[in-house]
Amino acid sequence: MAIEVLIFYLLAGVAIAAAAGVVLARNPVHSAVSLVLSFINVAAIYVVLRAEFLAVAQIIVYTGAIIVLVLFVLMLVQQQDLPEFHGGRPLRRAVGFLLGLALLAEVAAAILTRSLRGAPGSWTPEAVAAVGGNIQAIGRELYSAYMLPIQATALLLLAATIGALFLARPELVEERLAVARRLFTISLAHPRGVDTLQPVAELPAPQDGQLKPAGGDRSLVMARTAEEFTEQPAWGESRR
Amino acid sequence: MIDFTQATPVLLSEERQITETRRELVLNMGPQHPSTHGVLRVRLTLEGETVIACDPVIGYLHRGVEKLGESHRYAQIVPWTDRTDYVAAPSNNLGYVLAVEKLCGIEAPERAQYWRMIMAELARIASHLVWLGTHALDIGALSVSLYTFRDRELILDIFEKFCGARLTTNMMEIGGFSREIPPELPGMVRDFCRYFPKAIREYEDLLTENPIWLARTKGVGIVEPEVAINYSLTGACLRGSGVNYDVRKAMPYLLYDRIDFEVPLGTHGDVYDRYLVRVEEMRQSVRIIEQCLDQVPADGPLMAYESNYVIPPHETVMTTAEDMQRHFIWVIKGFSPPKGEVYHAVEHSKGELGYYIVSDGSPIPYRMRIRSPDFVNLQSLPYMAQGAMLADVVALIGTIDIVLGSVDR
Amino acid sequence: MDWEALIVSYLLGFVLLNILLVLMAYMTWFERRLVAFFQDRIGPNRTGPFGLLQPIADGVKLISKEDIVPANADRLIFLVAPLLSFVLAPLGALVVPFGDSITLFGRQINLYVIDINVATLYFLAVGSMGVYGIILGGYASGNRYSLLGALRSTAQVISYELVLGLSLVGIFILTGSLSLVEILRAQQRTLILGGLELPNWFILSQPLAFVLFLIAAVAETNRAPFDLPEAETELIAGYFTEYSGFRFSFYFLAEYINMIVVSLIAATLFLGGIDGPFIDGIWWLVAKAFIFLFFYVWLRATLPRFRYDQLMGLAWKVLLPLALINIGVTGLVRLWGIGAL
Amino acid sequence: MSDERQQAPVPAVQPRQPWQTGYWGPTNPEEHPAVIAVRARFPEAFEEAVNFRDEMTIRVKREALREVVEFLRDHPELRYNHLTDLTAVDMLNLRDEPRFDVVVQLYSIPRRQRLRVKCGVNDGETVPSLVPLFAGANWLERECYDMFGIVFEGHPDLRRILLPDDWDEGHPLRKDYPLRGYRDYVQPGFERPAPRVRGSLPRPRP
């Protein structure tokens, strides 16, 4: 038993140290990397507590996706654009400090009440084993007791996604939607590609035998003499 | 239509204007980059991966061939022309030699003209093979480049058999060829013509219907015909846009008017059309070579009749005093064409290659100007690249088919 | 705590890691010979018989190269990133079952390092961690090409991770477990289809998922035609442009180990792993993994590269809907099968 | 080279030779449609029309170059719509005034005819740029500026193209520019500069 406690303290210590690194690092990328380290240690603590699913979900969702996206944004933003990353105005600092204190108090209260009460929840290790493991336990709990919150969260995320799209590229969304409406198909091609470029219908078609199928739904016009297609190009007036 | 009075690099549509709120990334592509085909440098301004401005910077391989041409005798310049576009050296030789012959008013014998055509078409195929391989490699198709370079070896073998050199052949001479055609050469060329269509099918199997290839090339880098003409494009870049201008057809030099061949024209003007046009041109080149082989006389003179413009044949130099004297003068002093200026263009594999020579009557050209197709074609890159993505720029550099030796001269 | 089991697991992991390293070294040889074969060339054939010593020569060369750190690199991250990539790569192999169990020195030894009940998710988690080596290396190089490679890699891995995970949900529904050992056991039954006795491999019951997994796995390992992060003709070498010597070789090793691990997992998930006609065993697993490795090389020799937007479009517009459809159909079939519909 | 040598038998020119088939238009300047049209439209600017080797060259005044080329491009009967080449020749050794010739090669894709338009320009004078007419003139004029120092008025982006931006040794295709440059070339790693060779090869006069 002692060794597990030791491992726990080791992991917790590294996690806290890394969390401190998140706040203290000068470079935002270093902050993000510290956060990753912290998350991994938390995941390891989950493993020690025999909650493998939670651990893996933590890694996939937080480390594998969210922090990667944070890094993505950090790399896109030039560092000189972040003059107030550490400075900030006194008011902002004070508010941040207060909010941090409030969060700490809340977490402490939650932990303290729980350990003071000493009452485990309804999912004791025996109950978890009875349904076949903690994946099954989580699944049952989420999709029965917490069905409404889950659906509400899903809706919220969907709204957020659409909002983000419109905020990021309003003009592009319109453009893409128009293309999608017209084509009504999924195309790998470039949006300003061939699909939008049609030869004008009333063009004089090349004479028989001059068209040679060349593959890719294209044909080449084979000019035999130098007089052809000098006044009028082989595909007439183009339009973009 | 675009307002051409504006500076070229910034050709942006309304919503793509550079604003303060958008951050751009300036990326220096080249001069040492695997897919700029040498020492081209492109200064790209990117927003994410989208190109919002593109400024090609050239001159890293500038050797001053035009200045060198003003201090060498006419026959000494032929090797320099090899080194401008080193993947199609015989075509460069041909353009220069024809310009000098036009200046002097001489003409090579029929047999030499046929062999010049054969060699020029072989050079065209070799150049297109290099283009196809590198273009496909740029877009990521690894194997095609090795297939094309494998088949290019056959052409280089033919060159080697013909003149002893493989890359910078220094093949054409003013007035024809001074050395006899090796007897096994026609057989080699025939074998190549029999083999090569199969090789083209092999490349096409890998690329033409490949969905990724189509997605990468279709609709990318569209050049409308009127814009293509306005940008002075020539060669496959112009024909891919559907304008029929092939120097071999429009103003036949050598004996191209006796040959039956067709000029492929594109119908959309994008990267894919230029690809199709060049592949079809390789087929037409094979057709031309076969007809030339059928029509070429088995023997006959290869050098123009002796005047003081051409080097006398080797045997008579050794046997007659007069020719030895002429040979001496030709080699030491060179020959003096009449005063005047000529411009002669040939259809190089990349477009119209023109030589503009001004003669002041001395054995050294007063001015030799090389109108290289790649140099002129390359300036359409900013036009093609507007709104394209970073990966498209690579495809566009490939589709223009540049050789930096020829761009920078 | 069962110390003996821990030590056995550790030893097994050690052996596995070494086997992976050797396999990886010969994977480079295999790939070069195979690509050479595709391209009418000979490939490495000078170092030893059939060039078999070539990987060793390459290794010696890479290790003896100078380790260059660019002037404007983020030094610490630059030095750590390749190690991260390299350490995370073989972790996925720990959950692959290499056989049932053998008796050695009087002990029953299971031929897998660990059997955790979330093995497939664990594999996905390790895979998603692997992107850190790339993104941090690309960022820390202080080179714009590397940065672009890192950005591409980020977006690509996140998108294809999703497809990779969703393509496996059908299997989870059919087996009711996330454990690779359980999934393997589920495939050892026979499937009777119209009088034909077939192995119950998931490639037969989940063909769409197999295709999706294959595509996503190629993208996940940054191999052609999805090798955009390192696209050598656009981004020179992407995130490892600035790396040299053994740090470069770490990235190189990581890529090949990733390939092998993904092949092993794919063989276990879809082709019945160690299950085979005559005698079950690790040989079948290796043989099946080699089919995938061959496929990787084949793709590289044949296909051009996607463009970035096409790559993302493929993931989000084609593969993701297909994966969701697959899940839906599998779920309905399953419900119908247990009589709930 | 004696006179007899120059009288040496020149073979009879075959009619199918390229410069005999009319790709530069009629050989007589009085019959050439472009010459007639330009002379009628720009009587002051038109200077002369020369035919050599059946190539037609029109010489105009430099101020009118853009108008003449635009006229040739837009004339419904002429339609020289393709700017093949634009370059210059330094006439330092051949005449006194003006120093440079700007040479414009035009081609008509529909009519398959070439035409050469020339204008003389002195050092320090400017030539109207053709970029408003032909986008393809952009780099050609930049090269001309780079190599000869001819300034094209109205060019949107006139800077050096082949030589480095900070090149300060003048314009190398001028005839008074020595073949190996004005300055000694110091090879990196060597203390002494390579000796400069003055001028080019001795030029034999005709």
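Counting only strands (runs of 3 or more DSSP E) wholly contained in segment B:310-409, the ones carrying 2 or more residues that are aliphatic (A, V, I, L, M) and within 16 Å of the chain's Cα centre (by Cα) occupy B:340-348. Residues to consider are B:Thr168, B:Thr234; find the one that is among the polar types (S, T, N, Q) and open to solvent by 10 Å² or more (accessible area, probe 1.4 Å). None of the others qualify; the one that does is B:Thr168.
Annotation note: of C:Phe78, C:Phe98, the sole residue that is at pLDDT below 80, open to solvent by less than 80 Å² (accessible area, probe 1.4 Å) and out of contact with any Ser or Thr (no Cβ under 6 Å at 6 or more places or on another chain) is C:Phe98.
Report yes if B:Pro337 is open to solvent by less than 80 Å² (accessible area, probe 1.4 Å), over 22 Å from B:Leu122 (Cα atoms) and out of contact with any Phe, Trp or Tyr (no Cβ under 9 Å at 6 or more places or on another chain), otherwise no.
Judged against the criteria, B:Pro337 is not a match.
B:Ala108 meets the conditions (1) crowded, with 24+ Cβ neighbours inside 10 Å; (2) under 16 Å from the mean Cα position of the chain (by Cα); (3) assigned to a loop (DSSP other than H, G, I, E, B); (4) of a type outside the set (Phe, Trp, Tyr) in every case but one. The failed one is (2). The single condition from (1) at pLDDT 85 or above; (2) within 12 Å of chain B (Cβ to nearest Cβ) that D:Pro202 fails is (1).
Can you name the residue in segment B:212-227 that is in a helix (DSSP H, G or I) and at the interface with chain A (Cβ under 7 Å from one of its Cβ atoms) and, of all such residues, is nearest to A:Ser219 (Cα to Cα)? Out of the qualifying residues, it is B:Leu214.
Scanning for something among the charged types (D, E, K, R), out of contact with any Lys or Arg (no Cβ under 8 Å at 6 or more places or on another chain) and within 14 Å of chain A (Cβ to nearest Cβ), does segment B:170-191 turn up at least one residue? No: segment B:170-191 contains no residue that is among the charged types (D, E, K, R), out of contact with any Lys or Arg (no Cβ under 8 Å at 6 or more places or on another chain) and within 14 Å of chain A (Cβ to nearest Cβ). The sole residue among A:Val128, A:Val77 that is at pLDDT below 75 and in the same structural domain as A:Val22 (by TED's automatic domain parsing) is A:Val77.
Does at least one position in segment B:40-63 carry a residue that is within 13 Å of chain C (Cβ to nearest Cβ), among the small types (Gly, Ala, Ser) and farther than 19 Å from D:Pro172 by Cα? The answer is yes; a qualifying residue exists.
Residues that are β-branched (Val, Ile, Thr), farther than 20 Å from D:Glu31 by Cβ and not in a loop (DSSP other than H, G, I, E, B) within segment D:103-131 comprise D:Val103, D:Val104, D:Val121, D:Thr126, D:Val127, listed in sequence order.
What about C:Gln54, is it closer than 22 Å to C:Ser249 by Cα, surrounded by 15 or more Cβ atoms within 10 Å (Cβ to Cβ), in contact with a Ser or Thr (Cβ under 7 Å, 6 or more places away or on another chain) and at pLDDT 85 or above? Spelling it out, C:Gln54 is indeed closer than 22 Å to C:Ser249 by Cα, surrounded by 15 or more Cβ atoms within 10 Å (Cβ to Cβ), in contact with a Ser or Thr (Cβ under 7 Å, 6 or more places away or on another chain) and at pLDDT 85 or above. Of everything listed in (1) farther than 30 Å from B:Leu207 by Cα; (2) surrounded by fewer than 21 Cβ atoms within 10 Å (Cβ to Cβ), the single unmet condition for C:Trp298 is (1).
Do we have B:Val310 as in contact with a Phe, Trp or Tyr (Cβ under 9 Å, 6 or more places away or on another chain) and either within 14 Å of chain D (Cβ to nearest Cβ) or surrounded by 24 or more Cβ atoms within 10 Å (Cβ to Cβ) (or both) here? Explain how you work it out, then say what you get.
Values: in contact with a Phe, Trp or Tyr (Cβ under 9 Å, 6 or more places away or on another chain): yes; either within 14 Å of chain D (Cβ to nearest Cβ) or surrounded by 24 or more Cβ atoms within 10 Å (Cβ to Cβ) (or both): yes.
Yes: the conditions hold for B:Val310.
For C:Pro44, state whether it is outside any loop (DSSP other than H, G, I, E, B) and surrounded by 17 or more Cβ atoms within 10 Å (Cβ to Cβ). When the stated conditions are applied, C:Pro44 does not pass them.
Residue check: D:Val104 meets all listed conditions (1) open to solvent by 10 Å² or more (accessible area, probe 1.4 Å); (2) more than 9 Å from chain B (Cβ to nearest Cβ) but one, namely (1). Looking at the structure I just gave you, is A:Leu142 open to solvent by less than 70 Å² (accessible area, probe 1.4 Å), closer than 30 Å to C:Ala140 by Cβ, at pLDDT 70 or above and not charged (D, E, K, R)? So A:Leu142 fails the test. If the condition is being touching a Leu at 6+ places or on another chain (Cβ under 8 Å) and aliphatic (A, V, I, L, M), then segment A:16-32 contributes A:Ala18, A:Ala19, A:Val22, A:Val29, A:Ala32. Scanning segment D:73-102 for residues that are within 21 Å of B:Val247 (Cα to Cα) and either part of a helix (DSSP H, G or I) or of a type outside the set (Phe, Trp, Tyr) (or both) yields D:Arg73, D:Leu78, D:Arg79, D:Asn81, D:His82, D:Leu83, D:Thr84, D:Asp85, D:Leu86, D:Thr87. Considering (1) farther than 25 Å from C:Ile265 by Cβ; (2) facing another protein chain (nearest Cβ under 7 Å), the lone condition that C:Thr154 does not fulfil carries the number (1). Tell me, please, whether a residue that is open to solvent by 40 Å² or more (accessible area, probe 1.4 Å), at pLDDT below 85 and farther than 27 Å from B:Ser143 by Cα can be found in segment C:262-269. Within segment C:262-269, not a single residue is open to solvent by 40 Å² or more (accessible area, probe 1.4 Å), at pLDDT below 85 and farther than 27 Å from B:Ser143 by Cα. Of all the residues in segment B:133-169, those that are within 14 Å of chain C (Cβ to nearest Cβ), more than 21 Å from the chain's Cα centre (by Cα) and basic (Lys, Arg) number 0.
The values are calculated or read from the model by the stated rules, or taken from the named source; none is laboratory data. Computed from a predicted model, the values in this text were never measured in an experiment. Here the Cβ is made from the backbone with ideal geometry for all residues, glycine too, and neighbour counts use every protein chain on show. The area values use the complete protein model at the heavy-atom level, side chains included, leaving out ligands, DNA and RNA. Shrake-Rupley method; radii C 1.70, N 1.55, O 1.52, S 1.80 Å.
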